[in-house]
Structure formats: C-alpha cells, structure tokens
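Here is the structure we will look at.
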Amino acid sequence: MKTNKPFLLIFKLLLLLSFPVFAQDDLEDALNESEKGKEKKKEYTTAAFKSTRLINLHNTERLAKGALEYRICHRFGKLNSGAYQLWGLDQAEIRFGFEYGLSDWIHLGVGRSSYQKTYDAFVKAAILKQSNFMPLSVSYMGSVAVNTIKDASPDFNGKLAYVNQIIIGSKLNERISLVLVPTFVHRNLVADANNKSVSNIALGFGGRLKMTKRLTFNAEYILRVPPQTKSTAFDNYKDAFSMGIDIETGGHVFQLTFSNSRGMFDKAYLVETTGSWGAGDIHFGFNLIRNFTVGGKKK
Amino acid sequence: MKKHLFLIFNILIWSFLTAKAQDRFLLENTNVMFFSDGIIEDIEATSKDTKGIVDFTKNEFLFKIPIKSFKFASALMQEHFNENYLESDKYPDGTFKGKIEGSYDLKKDGSYSVKAVGDLTIHGVTQPRTIVSTIHVKEGKANLESKFTIKVADHKIKIPSVVIKNIAEEVEVTIKADLKKYEK
C-alpha cells in the first residue's frame with residue numbers, strides 16, 4: 001500500500017499538469033472540429049493584376065459587376081527623335097474608352113484612338129477563374145476595330161479588323177502573375193498586302209512583378225508567327241515589346257509604359273508595330289484608369 | 001489499492017470526458033458589419049462567415065473571422081481592403097479570444113450585459129481589449145450582440161496620405177450571432 005502512494009501522487013501531478021495544456025487549445029480544437037466535414041469554401045483568386053491590361057495586352061482581370069472604368073491612354077513619339085520633338089512628347093497619340101463590368105464574368109469596352117481614327121469595341125468573358133481549387137484563369141477576348149480614315153477602303157468591310165484571343169493566366173503568388181495569350185488577328189484590307197485581307201497568328205506573353213502594395217513592374221512580348229509565304233504585311237513590322245509600371249492610388253491606376261509600339265487597340269500593337277528597340281524607337285506612354293462603382297449593392 | 005487506483009483513474013477520465021462535453025455553444029447566423037465614417041466616403045462591409053465557440057462552463061470564448069469574407073458594395077474597395085490594408089493573404093483571419101466576465105443565466109429569459117476580456121488579433125497585431133457585449137436569452141434560445149470601435153492604427157494598418165481623407169481612423173464594428181449548443 002505504501003509503495004503505491006508515490007505512484008499515485010505522480011499520476012495525480014501528471015494529470016494536473018496535462019490539464020492546463022488541454023484547456024489552452026481546447027476551444028481552438030473544438031472549433032476546428034466543428035468545421036470538419038463542412039465543404040471547403042471556394043475562394044476566387046483576386047487582384048492578379050492592378051488593371052485589366054498588362055500594358056497593351058489584355059490580361060485575366062475583368063471589371064467586377066457594376067464597375068465602370070474610364071481609360072485615357074497616351075503614346076508619345078520616339079524617344080530618339082531628339083530635343084526638337086522634346087524626345088517624342090510633341091507627338092501624342094490618344095485613345096480614350098469606357099468599360100463596364102456587365103457581370104463578374106463579362107466585361108465590355110469601347111474606345112476611340114487617334115491612330116487611324118479607329119473605333120474599337122471588345123468583349124472579354126471569363127471561362128475559368130483561378131481559385132483555391134483551380135490554378136489557372138482562362139478568358140476569351142474578342143474585339144473589332146473600325147478604321148474611319150477617309151479613303152482607307154472603298155467599302156465599309158475593308159475598314160474592319162478582328163481579334164480573337166484566349167487569355168491563360170495564373171497568379172503564381174502574391175508577387176508574380178503570368179499570362180499567355182494565343183491570338184488570331186484578321187484584317188479585311190491591308191495596304192501592304194495589295195489591299196487584300198490578311199490573317200495572322202501571334203502569341204502574347206508577359207507578367208507582372210509586384211514590388212510594393214501599390215507598385216508593380218510589368219512586361220509583355222507579342223511574338224508574331226511568320227506566315228508560310230513571304231509577306232511585306234509581316235516583314236515590314238516588328239514584334240512589340242513593352243514594359244512599364246503600374247501605380248495604384250485607390251480609385252486610380254496609372255500605368256507608365258515604354259514600348260516600340262504606339263498602338264493602343266488590339267490590332268495596332270499586335271501586328272502593326274513599326275518601331276525597333278534596337279534602333280531606339282521607343283515610345284513613352286501612359287494609361288490613366290479611373291474606376292467608379294455604378295451598380296447596385298452587392299449581397 | 002489497485003482497485004482504488006483504478007476507480008480514481010476512471011473517475012478522472014470520466015470527469016475529463018464530461019468536461020469536454022460541457023456547455024459549449026457555436027455561433028450561428030453570424031453577421032459582422034463594420035462601418036467607417038470617412039470625410040469623402042463611408043465604407044461599409046459585412047461578413048456572414050464568422051466562426052466562434054463559447055464555453056459557458058469555463059467562461060471562455062474564441063471568435064474567428066476570415067478577412068476575405070467581408071463583402072463591400074464596391075469590388076475595387078474590397079480588393080484594396082484585402083490587398084493594401086488588411087493583407088489578407090498574409091493574415092487570413094481576425095480572432096478574438098478570451099474570457100467572459102459578468103453574470104448571466106442561460107436558463108432564464110433576459111438580457112445580460114457581460115464583458116468579453118481578451119486578445120483581439122487583426123492584421124497580425126494583437127491588442128488586449130475589453131468589449132461590452134449583450135447576451136439575450138429568450139425561450140431557451142440565446143444570441144449575442146456587440147458593438148465596439150477599432151482604431152486602424154492599433155493594428156498597424158497603414159493608410160497612405162493620398163487617401164487619408166477617404167478613410168476614417170476608427171471603424172465601428174457590430175457583431176450579431178445566435179448561439180447553438182454544440183453537441184459532440
């Protein structure tokens with residue numbers, strides 16, 4: 001009997017000691033346990049990019065339902081044009097546009113560019129959204145551009161150009177997001193191709209590096225796939241390479257860009273880029289984006 | 001003695017097990033709203049995904065709010081709330097954990113004002129807080145309600161000077177939840 005006493009004491013002590021340990025994480029454990037068996041909530045990845053464009057190229061971001069955006073973009077002349085042209089700042093091209101989030105899946109936009117006096121309209125629709133169950137976002141983007149320069153074409157049909165894109169993107173982590181954009185461009189009438197229609201395939205790719213909460217570095221490249229037969233409509237032009245930064249200040253995003261392309265609508269930067277980085281044909285530009293919420297309250 | 005010991009052991013295990021099945025309640029139908037009265041714009045968001053457990057035997061509680069569950073009227077505001085202010089990828093949950101002080105009787109109808117004393121963690125920064133709450137009991141059903149303010153600076157949530165006029169330095173938080181007995 002006596003021999004058992006120390007054992008009992010130790011046992012009691014152990015129990016006493018183990019109690020507070022249990023008590024500490026008790027609630028946490030119980031709460032976690034009560035959550036068990038419940039389906040994990042689907043959570044869409046947000047804010048892969050600060051804006052709906054990388055620089056010129058569409059990315060996987062769309063406007064949310066009820067969001068209205070006003071964009072005003074400028075591309076200046078060549079940096080190598082010297083002091084006389086104030087390094088290009090004397091020659092500004094402009095595009096302004098309105099865009100709207102029809103739903104959380106569909107984004108519409110219209111714009112007008114001074115380049116080729118072009119009106120453009122596009123629709124971007126989400127096919128897949130990146131979430132905690134899905135590593136990729138996939139969207140479709142289709143646009144039409146109307147060149148309204150006098151005598152650009154004998155008929156209306158010749159003024160049109162179409163772009164179809166599949167946008168595949170992923171926010172790899174908090175800092176890095178990437179996109180890959182297989183693209184099909186069709187122009188009804190191209191002067192460089194004896195006023196015939198031309199179709200091109202291109203592959204756009206690029207990404208962003210988030211440097212601080214409100215500042216990202218972006219770069220994109222448009223790789224044009226050479227046509228099977230030699231064509232001046234292809235050879236006279238260059239692949240567009242652009243880089244820039246996004247600065248976000250609440251309701252505004254400022255995108256400062258450097259590119260060998262001056263185009264601000266799809267066809268123009270995809271297949272009508274004339275400048276060459278090597279020769280110093282670099283255009284400074286910016287996109288100024290203001291976001292408003294016009295839709296009703298979200299439940 | 002061996003029998004004795006076995007008995008004691010059994011009693012201890014039994015009491016421990018029953019202790020586990022104490023007066024525990026889970027939060028249900030939760031509604032957490034915060035409101036900030038800015039000079040330029042008011043900011044309001046609601047979350048219905050708060051989880052919580054209250055142990056009325058030990059007078060302990062634990063609340064957990066997934067920060068991303070807050071819904072705003074403006075999607076952009078919601079994005080900035082998560083991205084720029086609360087950094088919800090880094091700090092996914094807000095928690096409040098502590099003890100209940102004050103008297104109440106869950107078996108008797110009435111409204112009981114109690115104090116929730118504990119640690120409030122938001123944006124990875126923990127602050128000791130005493131928050132006055134009310135437990136309402138009616139016909140065997142209980143719910144709780146609370147309203148308090150959070151100073152943004154207390155939780156190291158930085159507001160850049162360009163938008164300082166848009167965002168108030170204090171936000172008012174309202175919590176409502178039903179209590180449902182946790183059977184386990």
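The values are calculated or read from the model by the stated rules, or taken from the named source; none is laboratory data. What you see is a predicted model, and the numbers here were worked out from it, not measured in a lab. Cβ sites come from the backbone with ideal geometry, for glycine too, and all protein chains shown count toward neighbours.
Is it the case, given these coordinates, that residue B:145 is within 29 Å of residue B:42 (Cα to Cα) and either within 17 Å of the chain's Cα centre (by Cα) or surrounded by fewer than 16 Cβ atoms within 10 Å (Cβ to Cβ) (or both)?
On the way: within 29 Å of residue B:42 (Cα to Cα): yes; either within 17 Å of the chain's Cα centre (by Cα) or surrounded by fewer than 16 Cβ atoms within 10 Å (Cβ to Cβ) (or both): yes.
Yes, satisfied.
Restricting attention to segment A:72-109, which residues are small (Gly, Ala, Ser) and within 18 Å of the chain's Cα centre (by Cα)?
Answer for segment A:72-109, where residues must be small (Gly, Ala, Ser) and within 18 Å of the chain's Cα centre (by Cα): A:97, A:101, A:103, A:109.
Can you give me the ranges of the strands (runs of 3 or more DSSP E) entirely in segment A:215-299 with at least 1 residues that are within 14 Å of chain B (Cβ to nearest Cβ) and free of Cβ contacts under 8 Å to residues at least 40 places away in the same chain? Outline the logic, then answer.
Numbers: elements: A:215-225, A:241-249, A:252-259, A:283-293.
Strands (runs of 3 or more DSSP E) meeting the threshold: A:215-225, A:241-249, A:252-259.
Could you check how many residues of segment A:139-161 are under 19 Å from residue A:109 (Cβ atoms) and free of Cβ contacts under 8 Å to residues at least 40 places away in the same chain? First the steps, then the outcome.
Looking only at segment A:139-161, we keep the residues that are under 19 Å from residue A:109 (Cβ atoms), and these are A:139-148, A:160-161.
With the extra rule that they be free of Cβ contacts under 8 Å to residues at least 40 places away in the same chain, the set shrinks to A:140, A:142, A:144, A:146-148, A:160.
The qualifying residues number 7.
Condition (residue is at pLDDT below 95, in contact with a Pro (Cβ under 9 Å, 6 or more places away or on another chain) and over 23 Å from residue A:48 (Cβ atoms)) applied to segment A:205-221: is it met by at least one residue?
Checking segment A:205-221: not a single residue is at pLDDT below 95, in contact with a Pro (Cβ under 9 Å, 6 or more places away or on another chain) and over 23 Å from residue A:48 (Cβ atoms).
How many residues are in contact (Cβ under 8 Å) with a residue 60 or more places away in the chain and of a type in the set (A, V, I, L, M, F, W, C) if we restrict to segment A:185-197?
Start the filter on segment A:185-197 by keeping residues that are in contact (Cβ under 8 Å) with a residue 60 or more places away in the chain, which leaves A:185, A:187.
Subsequent filtering for residues that are of a type in the set (A, V, I, L, M, F, W, C) retains A:185.
Result for segment A:185-197: 1.
Got at least one residue in segment B:136-146 being polar (S, T, N, Q) and within 14 Å of chain A (Cβ to nearest Cβ)?
From segment B:136-146, those polar (S, T, N, Q) are B:143, B:146; that's our starting set.
Checking the rest, the ones that are also within 14 Å of chain A (Cβ to nearest Cβ) come to none.
No: segment B:136-146 contains no residue that is polar (S, T, N, Q) and within 14 Å of chain A (Cβ to nearest Cβ).
Considering only segment A:211-249, how many residues are surrounded by fewer than 22 Cβ atoms within 10 Å (Cβ to Cβ) and over 24 Å from residue A:275 (Cβ atoms)? If you could, list the steps in order and put the result at the bottom.
Going through segment A:211-249, the residues surrounded by fewer than 22 Cβ atoms within 10 Å (Cβ to Cβ) turn out to be A:211-215, A:217, A:219, A:221, A:223-239, A:241, A:243, A:245, A:247, A:249.
From the residues that got through so far, the ones that are over 24 Å from residue A:275 (Cβ atoms) too are A:211-215, A:228-229, A:247, A:249.
Residues in segment A:211-249 being surrounded by fewer than 22 Cβ atoms within 10 Å (Cβ to Cβ) and over 24 Å from residue A:275 (Cβ atoms): 9 in total.
Determine if segment B:68-80 includes at least one residue that is at pLDDT 90 or above, more than 10 Å from every other protein chain (Cβ to nearest Cβ) and surrounded by 14 or more Cβ atoms within 10 Å (Cβ to Cβ).
yes
Based on what the data block shows, is residue A:208 within 14 Å of chain B (Cβ to nearest Cβ), in contact (Cβ under 8 Å) with a residue 60 or more places away in the chain and in a strand (DSSP E or B)? Spell out the reasoning first.
Values: within 14 Å of chain B (Cβ to nearest Cβ): yes; in contact (Cβ under 8 Å) with a residue 60 or more places away in the chain: yes; in a strand (DSSP E or B): yes.
When the stated conditions are applied, residue A:208 passes them.
Which ones in segment B:174-184 are part of a strand (DSSP E or B) and either within 14 Å of chain A (Cβ to nearest Cβ) or surrounded by 19 or more Cβ atoms within 10 Å (Cβ to Cβ) (or both)?
The first filter runs over segment B:174-184 and keeps only residues part of a strand (DSSP E or B), leaving B:174-181.
B:175, B:177, B:179, B:180, B:181, listed by residue number.
Quick one: how many residues across segment B:138-169 are of a type in the set (A, V, I, L, M, F, W, C), more than 30 Å from residue B:108 (Cβ to Cβ) and either in a loop (DSSP other than H, G, I, E, B) or at pLDDT 80 or above (or both)? Steps first, answer last, please.
First, pick out the residues of segment B:138-169 that are of a type in the set (A, V, I, L, M, F, W, C): B:142, B:144, B:148, B:150, B:152-153, B:157, B:159, B:162-164, B:167-168.
After this cut, where a residue has to be more than 30 Å from residue B:108 (Cβ to Cβ) as well, the list is B:150, B:152-153, B:157, B:159, B:162-164, B:167-168.
From what's left, either in a loop (DSSP other than H, G, I, E, B) or at pLDDT 80 or above (or both): B:150, B:152-153, B:157, B:159, B:164, B:167-168.
Counting residues in segment B:138-169 that are of a type in the set (A, V, I, L, M, F, W, C), more than 30 Å from residue B:108 (Cβ to Cβ) and either in a loop (DSSP other than H, G, I, E, B) or at pLDDT 80 or above (or both) gives 8.
Looking only at segment B:82-99, decide whether some residue is more than 8 Å from chain A (Cβ to nearest Cβ), more than 27 Å from residue B:139 (Cβ to Cβ), crowded, with 17+ Cβ neighbours inside 10 Å and in contact (Cβ under 8 Å) with a residue 40 or more places away in the chain.
Yes - at least one qualifying residue is present in segment B:82-99.
Looking at segment A:1-59 only, could you name the residues that are assigned to a loop (DSSP other than H, G, I, E, B), at pLDDT 75 or above and facing chain B (nearest Cβ under 8 Å)?
Scanning segment A:1-59 gives A:41, A:43, A:46, A:47.
For residue B:79, are the conditions met, namely being in a loop (DSSP other than H, G, I, E, B) and within 23 Å of residue B:161 (Cβ to Cβ)?
Values: in a loop (DSSP other than H, G, I, E, B): no; within 23 Å of residue B:161 (Cβ to Cβ): yes.
No.
For residue B:50, are the conditions met, namely being modelled with pLDDT under 90 and at negative phi?
Details: modelled with pLDDT under 90: no; at negative phi: yes.
So residue B:50 fails the test.
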